[in-house]
Amino acid sequence: MADCCSPGPRPLAPPTANVTVKAGTAVEPSTKAASRGTGKNDVVIPAGTFSMGDPFGEGYEADGESPVHQVSLHEFRISATTVTTAEFAAFVDATGHRTESEAFGTSAVFHLAVKARPEDILNRVTDVPWWLNVRGADWAHPAGPLSHWSDLPDHPVTHVSHNDALAYCAWAGRRLPTEAEWEYAARGGLPGKRYPWGNELHNDAPGAAAHHCNIWQGEFPTRNTVDDGFPTTAPARSFRANGYGLYQTSGNVWEWCSDWFLPKYYKTCLAAGTVADPQGPTIGRGRVMRGGSYLCHESYCNRYRLAARSSNTPDSASGNLGFRTVAL
């Protein structure tokens with residue numbers, strides 16, 4: 001699936017790239033894994049039942065945000081932030097993991113964010129020309145080969161595929177959240193709201209910060225006024241945390257979930273009544289992504305709403321896609 005702020009499935013390697021697409025290095029769980037996922041960044045999400053889905057009828061029909069249905073969850077622990085570049089660097093240093101973007105040789109970078117020589121900008125992505133296929137763009141070089149993760153150590157790691165995220169989880173002794181866990185935690189204890197802080201996108205109170213999240217301001221995709229202070233990713237602990245202590249569950253970067261994506265899945269859930277700890281469908285056309293990103297804008301992609309959902313193929317990666325983890 002491609003939308004304004006997602007480049008869609010990874011394109012075929014251009015003939016000039018001379019690379020072979022292959023999975024990243026497999027990382028098996030070990031007896032020492034639990035010590036790496038210490039949970040110092042975790043928040044406890046209490047058990048409960050909530051209404052999952054779009055109560056406002058604002059979602060895209062193809063995304064399957066409706067019908068609203070009841071979901072019950074056991075208590076779980078989830079990281080307050082997305083995995084940062086520094087945290088991912090520790091994983092790579094310990095394991096030698098090679099991400100799929102590195103194996104492929106290219107990844108998608110937003111056209112206004114590229115830091116690369118002209119010869120490394122291979123082509124524009126079909127149907128979403130604001131995405132450029134950049135040789136040498138990967139988790140360690142998020143804007144292209146002339147950038148480096150060490151300049152953004154507290155920002156979300158990007159250019160990681162679903163498969164890369166699973167490899168990190170195996171090393172850390174953790175897992176990806178289910179889609180239901182993600183939405184429940186992202187809501188922060190505010191039932192039926194549009195955003196983690198309420199129903200209004202901006203804060204109009206005198207003297208208060210106007211922006212609650214990192215999304216696009218201006219005219220997408222050519223002019224970003226950067227009113228929220230961030231042209232691309234923001235540090236993982238930017239803006240105010242939600243009621244459960246999670247940061248930036250709206251905007252900044254898309255977040256991988258464990259579920260397969262199937263638009264009609266919510267209809268199946270509604271027919272089943274209250275669903276306990278759902279794991280998602282057994283098949284799908286990609287893996288679920290949640291939260292939207294710094295490229296979302298109401299004129300093209302208002303998927304920074306809590307109920308919004310999208311998907312991509314498990315090997316896909318881009319400059320606005322990361323993940324957070326859950327304790328085993």
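The values are calculated or read from the model by the stated rules, or taken from the named source; none is laboratory data. On a predicted model such as this, the values are computed, not experimentally measured, just so you know. Reconstructed Cβ throughout: ideal geometry from the backbone, glycine too, with neighbour counts over all protein chains shown. Side chains are part of the model used for accessible areas, which takes the heavy atoms of the whole protein and leaves out ligands, DNA and RNA. Shrake-Rupley method; radii C 1.70, N 1.55, O 1.52, S 1.80 Å.
Laid out as a table, the results:
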{"quantity": "Wholly within the range 62-168, strands (runs of 3 or more DSSP E) carrying at least 1 residues that are of a type in the set (K, R)", "calculated": "76-79, 121-124, 131-135"}
{"quantity": "Cβ pairs under 7 Å, 6+ apart, first in the range 160-174 and touching a residue at least 24 places away in the same chain (Cβ under 8 Å), second outside any helix (DSSP H, G or I) and of a type in the set (D, E, K, R)", "calculated": "S161/D315; H162/R287; N163/D315; C169/R175; A170/E28"}
{"quantity": "Contacts under 7 angstrom Cβ, first residue in the range 130-146 being acidic (D, E), partner part of a loop (DSSP other than H, G, I, E, B), 6 or more apart", "calculated": "D138/T99; D138/H159"}
{"quantity": "Residue that is least open to solvent (accessible area, probe 1.4 Å) [pool: residues in the range 103-127 that are β-branched (V, I, T) and within 14 Å of N320 (Cα to Cα)]", "calculated": "V109"}
{"quantity": "Scan of the range 192-209 for residues that are in a loop (DSSP other than H, G, I, E, B) and surrounded by 12 or more Cβ atoms within 10 Å (Cβ to Cβ), ordered by number", "calculated": "G192, K193, R194, P196, W197, L201, N203, A209"}
{"quantity": "Selection status of A34, surrounded by 15 or more Cβ atoms within 10 Å (Cβ to Cβ), of a type in the set (A, V, I, L, M), modelled with pLDDT of 95 or more and in a helix (DSSP H, G or I)", "calculated": "no"}
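Conditions (1) touching a helix residue (DSSP H, G or I) at 6+ places or on another chain (Cβ under 7 Å); (2) open to solvent by 30 Å² or more (accessible area, probe 1.4 Å); (3) not in a strand (DSSP E or B), marked per residue:
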residue: A234; (1), (2), (3): no, no, yes
residue: L246; (1), (2), (3): yes, no, yes
residue: P263; (1), (2), (3): yes, yes, yes
residue: K267; (1), (2), (3): no, yes, yes
residue: R285; (1), (2), (3): no, yes, yes
residue: V288; (1), (2), (3): yes, no, no
residue: C296; (1), (2), (3): no, no, yes
